[in-house]
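Enquirer: Got a structure for you, written out below as structure tokens; questions coming shortly.
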Amino acid sequence: MTGVHLRATSTATPNTSFADIELIGRRREAHTLRRLLGGMSDKRGGALIVRGEVGIGKTALLRSVQPPPGTLVLPISGVEFEKELAFSALHQLCSPILPGISRLPEPQRHSLESAFGRRAEGQPDHFLIGLAALGLLSEAATERPLLCVIDDAQWLDQETAHTLAFVARRLRNEPIVVVFALREPNDRSELTGLPELRLEGLAEEDARKLLSVRYSSPFDGPVCDCVIAEAQGNPLALRELSRAADAAGGFTSPGTGSHRSHLEAGLQKRLAELPQDTRLLLLLAAADPTGDPVLLWRAAGHLAITPAAGTPAIDAGLVSLGLWVRFSHPLVRSALWRDASPVDRRTAHGALASAMADGGAMDRWAWHHAQALTGPDEDAARALEHSAGRARARGGIAAAAAFLEKAVELTTEPRSRVERALNAAEAKRDSGALDAALSLLSVAETAPRDDMAHARAGTLRARIALDLNRDATSVAKLQRAAELMAPLDPALAREISLETLTAARSLGRFAHRPLLSEAARAVRSALSATQPARPLDHLLDSLAIHISDGFVAAAPLLRRVLDVYLRGEKVDSPSPDVWCVVCGVAMDLWDDVAWQELADRHIHHARAAGVVTALPIALSYRALAHIHVGEFSEAAEVIEEAHRVAIEVGTPGLACMDTTLAAWRGDQGRTAELATAAQQDAVRRGEGRVLTALEYARATLFNGLGRYDAALEACRPAYDLDEAGFHAWGPVEFIEAAARSGNPGLAVPALEKLVQRTQASPTDWALGMELRSRALLSSGDDVGDLYQEAVRRLDLSRAAVHAARARLLYGEWLRRRGYRLEARTHLSEAHTKLTSIGADAFAARAARELRATGVRPGSRRAGVATRKLTAQELRIARLVASGATSKEVGMQLFLSPRTIDAHLRSIFRKLSISSRRQLRDMPLSP
């Protein structure tokens, strides 16, 4: 019932490998799969992960359900020892439809060609590769439904898993279904969030029924009971255990132990019965996961193996040797490879290398050639290094790491071995294989003393420590690494120092003050920056001054650094960490224009450079800028994209962004829920600055609700902290909470700090917030003038939501002084603006004040589009209204043109329009 592998077809004829078969005990699961496949007839697609242990019947279930007539089926299978070769499985999947690549947009085509090694130049963009794969499958599905079956998904290479997960989440409006068969246990985090179907063991009644169908003559009763008990409902275990019992006439005991050992023992026995040439032929097939029969028979020819050798394996139901080479069950491949002797494995690799020597697959040749060797070989190691370079160029970090690791094994010259071990360790760390990286570091550190190698190893150990645990100890290790590197490579040492300061600042309250001070002192006492000084050097110096001498002392240099990055002078592709720091500088300097522009550049750089892991943070900076401008709908769109990308790449969530937006919207329940979850996560990861962000969000919410005591308590933990990025926000909320809760004395020191910072960078935003805060604490005759000037200054800035709040405060003061008519004007303006923005708590506060003046506030007047459209639809509508085509919108939002068109149909229906031209005239602003 299990173990029959699917065949792919690349022709227009219907695939016949599926047939409706009623599996015993799997009616519910089969119904779920039929419903998913049936949707393809209505141009609907989707994805499903079928999970279960070895032999539970995943493949049998997939084979049991008939897809719509004419469906093109593309099956692949992950291979354990190819797991580190980037995009290898994706290449297999796309091979039958690869001619359609010519119809893809040029950037997508080039990225996919680079990933597949068909294009030497250019760095592939992982999101463009995802879009290209989606476009390629979409093109293939224009005439008939498409079913992709990915068996043994736990062994997919990381890049393929990311790409297929990207595709699988975007199939709702495509006649494409992607089904993954995933063995448990596994660590396939890339597929998290996709729909799942878990296969459990068969019930005893179904297990007995399966045995009765499998064998016409009954077992001896006790033997049958023993087989069923030991198999634990696993169909393949039932088959293998019952075969052993049946072979002895039903009079032998199946024995004891796990059914997995019996499964493997059964396969080992069947394989051992095959002729030597047949086993070697199967070993060749196991070593080459491409399933290419031409390559198989060429390699077999080098070993004088004839086609007749395949007949016993075919007759035994272990393999099919047709258009593709397919094993009947993944266990066959793994059992073959595990049980083969080292000599036979090397023989298989050598034959494949010989068969590929005249071809263009140089990287696979290098890999097989290296695996066939019995000892060191410098030429082979160099070939692997070249393959690693090509793999890294096409985005295959894990593949590069695998090539370099093997190169280390083949190297005996001490210095070359150390260099390759360090390069391999760095690649392993970049690919997320931290344990392997540490092992390679141990190899590097056993070699003769080399100061540069020692410093590089120390830096990498510190970075891995920071990856594993973002605590003060790991930051101290990184600082020590910078000190070791300083006399050897000052420029690199300063880059490490910037990492150190950035990491220490992210710890926030979890970083001991001496740690930050020592890091800053080390930076300032180190050798001067490289000549000519880079923007990064000036940035590092300004951060060190900020930490050691305070913000006011650092402000002039921070301003000069910010101007350099804004002009783009001598800024050569700064790292994502640098962009984050510079965005934070703009926030500290109250420069709302620079903040937004740099956030946009950060996003553009992350997209262009393919640094996908940096994109969620870049988007979060842009979302915060939208919030402070009062563009809540736009902020929601950006946050939604940030979450989507974070899921794609497996980076930590951004719950503090959701919390901040919910707080500004006045959603008390959602703010509390999000803040609780985000706080637990931040404490676990040791990210103190996230806690400050959450406290700021709570203070904003409570100030909006008029719960000033609660706002004051929310502010207190961060009161004495001097955390970058919060100078512009926290003190302002603290001052309002203290003043309105009857504790103005508490706010006096906060006002003094605030004034120092605003005067150090007197932008309109800074001065407006300073004047507003002075007015809250003043009792003289100049209060009205302070509020009026605060409103004027904030109106000159982009901080629209803060300008509206200043009007609210001014109106509240006027009403309490008895100036009802003047109060109505400012409160009405504040209410209208806060309502249109969506700051509901502050709008409700303004409404209460208006009612106290005898005026009934107007109803909420949100745009029709904002009310009717989802955040995704609103973003698509705006892009289309600006003149973008479906392809252009799809490339920006990482969706297929067909999906964009489906969204447009929904948008047109909701807005009662029928054309893109009409969309341009719709009120799409919030």
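Enquirer: Which log10 I(q)/I(0) values, to two decimals, does the stretch 655-746 give at q = 0.14, 0.19, 0.22 Å⁻¹ under the Debye formula with one point per Cα?
Expert: -0.44, -0.80, -1.05
Enquirer: Would you mind calculating the gained length between Ser517 and Glu597 on full extension (0.36 nm times residue separation, minus the Cα-Cα distance), in nm to one decimal?
Expert: Additional length available on full extension: 25.7 nm.
Enquirer: What spacing in nm lies between the two simple spin-label points modelled at Arg449 and Gln232, each 7 Å away from Cα in the Cβ direction?
Expert: Distance between the two pseudo-spin positions: 5.5 nm.
Enquirer: If you don't mind, another one. Rounded to two decimal places and with Rh computed the Kirkwood way over Cα pairs, what is Rg over Rh for the stretch 668-711?
Expert: Taking Rg over the Kirkwood Rh, I get 1.02.
Enquirer: Can you work out D for the stretch 27-198 in µm² s⁻¹ from Stokes-Einstein, where Rh is the Kirkwood radius over C-alpha pairs, the temperature is 4 °C and the viscosity is 1.567 mPa s?
Expert: 80 µm²/s
Enquirer: Which ordering of Lys58, Lys43 is given by a fewest-first count of other beta-carbon atoms within 10 Å?
Expert: Lys43, Lys58
Enquirer: Give me the log10 of I(q) over I(0) for the stretch 296-425 at q = 0.18, 0.22, 0.23 Å⁻¹, as the Debye formula computes it from C-alpha points; what are the numbers?
Expert: One equal scatterer on each Cα of the stretch 296-425 leads to -1.06, -1.29, -1.33.
Enquirer: Still on this model: What do you get for Rg/Rh over the stretch 398-466 if you use C-alpha atoms and the Kirkwood form of Rh?
Expert: That ratio is 0.94, to two decimals.
Enquirer: Pairs Lys209/Lys269; Lys83/Lys406; Lys43/Lys887; Lys83/Lys887: which are spaced more than 24 Å apart, C-alpha to C-alpha?
Expert: Among Lys209/Lys269; Lys83/Lys406; Lys43/Lys887; Lys83/Lys887, the Cα-Cα distance tops 24 Å for Lys209/Lys269; Lys83/Lys887.
Enquirer: Counting Lys and Arg as +1 and Asp and Glu as -1, what is the net charge of the other residues whose Cβ lies under 10 Å from the Cβ of Glu736?
Expert: That sum, taken over residues with Cβ under 10 Å, equals +2.
Enquirer: In the calculated pair distance distribution of the stretch 23-65, what percentage of Cα-Cα distances lie above 15 Å?
Expert: Result for the distance tail: 43 percent.
Enquirer: Let me ask another. May I ask you to compute the full-extension gain from Met362 to Glu413, defined as 0.36 nm times their residue separation minus their alpha-carbon distance, rounded to one decimal in nm?
Expert: So the extension gain works out to 15.9 nm.
Enquirer: Report the per residue volume, in Å³, of the convex hull enclosing the C-alpha atoms of the stretch 865-920.
Expert: For the stretch 865-920, the hull spanned by Cα atoms encloses 65 Å³ per residue.
Enquirer: Can you list, largest first and rounded to whole Å, the semi-axes you get for the stretch 762-854 by taking the square root of 5 times each eigenvalue of its Cα gyration tensor?
Expert: Result for the stretch 762-854: semi-axes of 20, 17, 9 Å.
Enquirer: If you put +1 on each Lys and Arg Cβ and -1 on each Asp and Glu Cβ, how big is the dipole of the stretch 20-175 around its Cα centre, in Debye rounded to 20?
Expert: In debye, rounded to 20, the stretch 20-175 gives about 720.
Enquirer: Something else now. On full extension of the chain, what length is gained from Gln268 through Ala852, given 0.36 nm per residue of separation minus the C-alpha to C-alpha distance?
Expert: 201.6 nm
Enquirer: Expressed as a whole percent, how much of the Cα-Cα distance distribution for the stretch 807-908 exceeds 20 Å?
Expert: 53 percent
Each reported figure results from applying straightforward, stated rules to the coordinates on display, with no laboratory input. All values reported here derive from a predicted model rather than from experimental measurement. For neighbour counting, all protein chains shown are included, and Cβ atoms are generated from backbone atoms with ideal geometry for every residue, glycine included.
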